[in-house]
1. For the list (1) surrounded by 18 or more Cβ atoms within 10 Å (Cβ to Cβ); (2) over 20 Å from residue A:62 (Cβ atoms), I need the number of the one condition that residue B:48 fails.
2. Do you know which residues across the range A:1-25 are of a type in the set (Gly, Ala, Ser) and either touching a Leu at 6+ places or on another chain (Cβ under 9 Å) or within 14 Å of residue A:38 (Cα to Cα) (or both)?
3. Mind checking whether some residue in the range A:32-55 is under 38 Å from the mean Cα position of the chain (by Cα), more than 8 Å from chain B (Cβ to nearest Cβ), surrounded by 15 or more Cβ atoms within 10 Å (Cβ to Cβ) and at pLDDT 90 or above?
4. With the checklist (1) touching a Leu at 6+ places or on another chain (Cβ under 8 Å); (2) more than 14 Å from every other protein chain (Cβ to nearest Cβ); (3) without any contact (Cβ under 8 Å) to a residue 40 or more places away in the chain in hand, flag the one item residue B:69 doesn't pass.
5. Of everything in the range B:72-123 that's more than 13 Å from chain A (Cβ to nearest Cβ), free of Cβ contacts under 8 Å to residues at least 12 places away in the same chain and not in a helix (DSSP H, G or I), which residue is nearest to residue A:33 (Cα to Cα)?
6. Could you tell me which residue of the range A:95-113 is nearest to the chain's Cα centre (by Cα), considering only residues that are at pLDDT below 75 and part of a loop (DSSP other than H, G, I, E, B)?
7. If we scan the range A:58-72, do we find a residue that is of a type in the set (S, T, N, Q), touching a residue at least 24 places away in the same chain (Cβ under 8 Å) and in a helix (DSSP H, G or I)?
8. If you go through the range A:60-76, how many residues are buried (at least 16 other Cβ atoms within 10 Å of the Cβ) and more than 8 Å from every other protein chain (Cβ to nearest Cβ)?
Amino acid sequence: MTPGQRLATVIVRGWTRTYTWRLPSPVRDARRAEIDSDLWEFEHDPERARGAAPTLHIVARLALGIPDDLSWRAANASAPARPARVIALTAATALIVAAFWVYDLAQPQSLPLPPSRMAFVAAPPPPPPPPPPPPDQTRHPGGHALQERAPARAVPVP
Amino acid sequence: MRRKPGALVPLEIAICLSAADLRRDGADEFHGYEMAKRLSDVANRRLLTAYGTLYRALARLEKMGLLESRWEDPEIPARENRPGRRLYMLTAAADAIVLTAQEARKAVSTKVHRRLRRRTVPA
């Protein structure tokens, strides 16, 4: 293996470690092992590993696959993380609600006092209704007697 | 561009076809590098399929149930002093897809042959 090929292999391994970082261990280890196996097979393939071309070949295979590596990473990172986060949040909320409920139950509660004894007394007869008031007869100077004063009207202010 | 769920891209179809060809030749299982070599031979390309592209396609086919994989017995790589291989195999679910793809390939090659014959044979 030439130094260039060794360097290219190190770069591929480094990149694989980077994009599989913090993934679930079965997924991460499988991808790393698969890339390791591929690099080894390439290195020991008598048809391919000759001259300076293998170094470029490894680098090109790495560079062309980066978008797919990233989308694979995104697909694998979001799938297990999301349910775990939802479960953790739900559990935390439930725990907080339960804690409030238990705290509320533990508090001494004062019951409302019963009403005092009530005495029932016969009510006096209702007073007679007052006579109807006389109609308002206002005499204007020089005018007629008005039956009733007209109610005030609200006049809209422009 | 987002692809439809369940739809196969040309690389995935090529993997299924190559796996079927390997099976016909007596190799039921294949590993990633072997598939990369096979794909470049079929397409007559010098460059092998990129790592990310190849392994993502294999993972997707496995998720769709068209391939299944297993790690080889650890004694074998230990004896041969090499990393372990992940071996893939076509499932029965892939047979229908392979059949359709083979028919499509045959139809295309027939059409191409006919056109070539028309051009080469003077009227």
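1. (2)
2. A:4, A:8, listed by residue number.
3. Within the range A:32-55 (the criterion being under 38 Å from the mean Cα position of the chain (by Cα), more than 8 Å from chain B (Cβ to nearest Cβ), surrounded by 15 or more Cβ atoms within 10 Å (Cβ to Cβ) and at pLDDT 90 or above), the answer is yes, since at least one residue qualifies.
4. (2)
5. Across the range B:72-123, the extreme among qualifying residues is B:73.
6. Across the range A:95-113, the extreme among qualifying residues is A:107.
7. Checked the range A:58-72: no residue is of a type in the set (S, T, N, Q), touching a residue at least 24 places away in the same chain (Cβ under 8 Å) and in a helix (DSSP H, G or I).
8. Count: 2.
The values are calculated or read from the model by the stated rules, or taken from the named source; none is laboratory data. Just so it is clear, the structure is predicted and the values come from calculations on it, not from any experiment. All Cβ positions, glycine included, derive from the backbone under ideal geometry; neighbour counts span all protein chains shown.
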